[in-house]
1. With all pairs of different alpha carbon atoms counted, what Kirkwood hydrodynamic radius in Å does segment 40-143 show?
2. Evaluate the distance, in nm, between pseudo-label points positioned 7 Å from the Cα of Val99 and of Lys34 along their respective Cα→Cβ axes.
3. How many angstrom separate the Cα center of segment 128-178 from the Cα center of segment 343-393?
4. Using alpha carbon centroids, what distance separates segment 190-236 and segment 75-109, in Å?
5. How much accessible surface area, in Å² rounded to 10, belongs to the heavy atoms of Thr270 with a 1.4 Å probe?
6. Roughly how many whole Å is it from the C-alpha centroid of segment 246-301 to that of segment 426-492?
7. If you fit an axis through the alpha-carbon atoms of helix 457-466 and take the longest principal axis of the Cα set of the chain, what angle between them do you get, 0 to 90°, nearest 10?
8. Under 17 Å from a label point 7 Å along Cα→Cβ of Lys478: give me every residue in segment 432-467 with its amide N that close.
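The values are calculated or read from the model by the stated rules, or taken from the named source; none is laboratory data. In this text the structure is predicted, and so the values were computed from the model without any measurement. Methodologically, a virtual Cβ is constructed for each residue, glycine included, from the backbone with ideal geometry; neighbour enumeration extends over all protein chains shown. Protein only, heavy atoms only, side chains kept; ligands, DNA and RNA dropped before computing areas. Shrake-Rupley method; radii C 1.70, N 1.55, O 1.52, S 1.80 Å.
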Amino acid sequence: MARNRYDMDEVLEDSFDYGQLKRLAGYISPYKKKMAGVIVLMLSSSALTMMIPIFFQRIMDLYIPAKDMNKIILVSLLTLLIACYSAVSLRFKIRTMSVVGQSIIHSIRSDIFAHLQELPFSYYDDRPHGKIQVRVVNYVNSLSDLLSNGIINTVTDLCNLFFIIIFMLICDARLTLVCLCGLPLLAVVIVFIKRRQRRAWQIQSNKQSNLNAYIAESINGIRVTQSFVRERENNGIFNRLSGNYRKAWMHAVMLNFTMGPSVDIISAITTAFVYVLGIRWILAPDATLTVGVLIAFTAYIGRFWAPINTLASFYNSLLTAISYLERIFETIDEPVNVKDAEDAVEMPPIKGEVAFRDVCFSYEKGHPILDHINFTAKQGDTYAFVGPTGAGKSTIVNLISRFYNVDSGQVLIDGTDISKVTIRSLRSQMGVMMQDSFIFSGTIMDNIRYGNKTATDEQVIAAAKTVCAHDFISQMEKGYYTEVNERGSRLSAGQRQLISFARALLADPAILILDEATSSIDTETEILLQKGLNELLKGRTSFIIAHRLSTIKNADCIMYIDKGGILERGTHEELLEQKGAYYELYMSQFDFLG
């Protein structure tokens, strides 16, 4: 079922949808006034600096021959003032655009994270978590320079280029034409590398994604790695993925750096022609060009190719950003298959009757997991699901919470089709403890309170006592305020399950779902826990999945799930009397323990 594993590249897009740039513009739009102010300021600064070569021309051609020191000093002071104004403008631009750029980055990252919160389990079932993480962090960060500097620089440099050409034409139209002859050569270079460059950055992002996915997987599985002495093999896999990333990055950067040298070479060629022709015209008998004009013009040549170089860098950044934008918006556009219907209503207070009406479900089309399941769970009763691994037990309880949509049929609670109510109003009335007892970084108190933020400390402690977690928590250095690491690495598997148990119970749910809730708890603790649960389960509709049949002997109804359906159902005693699949399962455990 999994796709896009760490050793599988994601699909490359042949053509870029320029509508993605429009979407990016939507994030930029709230800051357009600030950006417009920066552009006006930078353009005024650029317009003033355009006067400096003219000042030098007048000094060379007029003021020095006339030995007019007053005007030379005046022009020098004006040049100094213009330089100060440019420095202040640049500082304002850097500060403003840094804030704007990071604000846009924050908005994009917030949107992608918020969307990830809504995506169904099926999305996470299909993808390595490292590949999801790289989109939220690395890919979004890669847009930072483009948004902070690239856009403003491009607009101002385009305007500067227009101003420079006007001033160059004012100086000498002939030399301007010589300078402009280099632009067709640059256009040829751009056309040549455009497609190759975008494809190279797509491949690089794939290799980065693969590497990130493997790093995340390796960190999560480090205990298994060291237990089976797999460090050397894992290092080999890492080096291969890292080598692929390095190779892809080097190829992309090589194409990226083609633009800068190309601009420099074309600039050098055109500048050489300008000097050759300019000196020739100065030395000609009719002297159609002055030294001051040539000096002013050569100053403009540097200014002419500088914005073109910046535009080339922006073009490179844009192509790089496009490859990341595709992945970012692809994630934001990922359909939320499990979502509220347009006419969804709030789920009324749940009493607890649950019914499956001809329910069919499959994770992958053509591979059914549940085939026409029918049962009714009465309010306040306890129901247990048993059967072989992969039979669909966890799938049934996941459908009750609507973590997946059914292929056909209905799941009803108190006669209400759960597909017709809002997901929040449904799940907020349920307590769920899954097979993976996930512990978040923070205090034990915060972890238990995770599902009920309004619970008091006393209520948290009462829930912990009910599930027999209070004693081991009290013995920790700070009790309930002891800090635990991500995934609860400081806790044993049994302790993590007890904390998760307390978290589920604290929500005071009308429907309680326990998926392998006691699988990591020792027998002695299980006996103590069972006493508290027997009281807690009264008045609630509860669904329990357990491989240890001792934990479900008192259930009101036990269902044996296999081959996509309910093969047997009844109480513990009734099923033993039938001497069917449940009887064989029970006797196999009895023989194993005996």
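1. On the way: mean 1/r = 0.0545 Å⁻¹.
Hydrodynamic radius (Kirkwood, Cα pairs) of segment 40-143 is 18.4 Å.
2. The modelled label-to-label distance comes out at 0.6 nm.
3. Spelled out, the Cα-based centre of one part sits 56 Å from the other.
4. 38 Å
5. 10 Å²
6. Here the two parts' Cα centres lie 69 Å apart.
7. Relative to the chain, helix 457-466 is tipped by roughly 50 degrees.
8. The answer is 440-450, 457.
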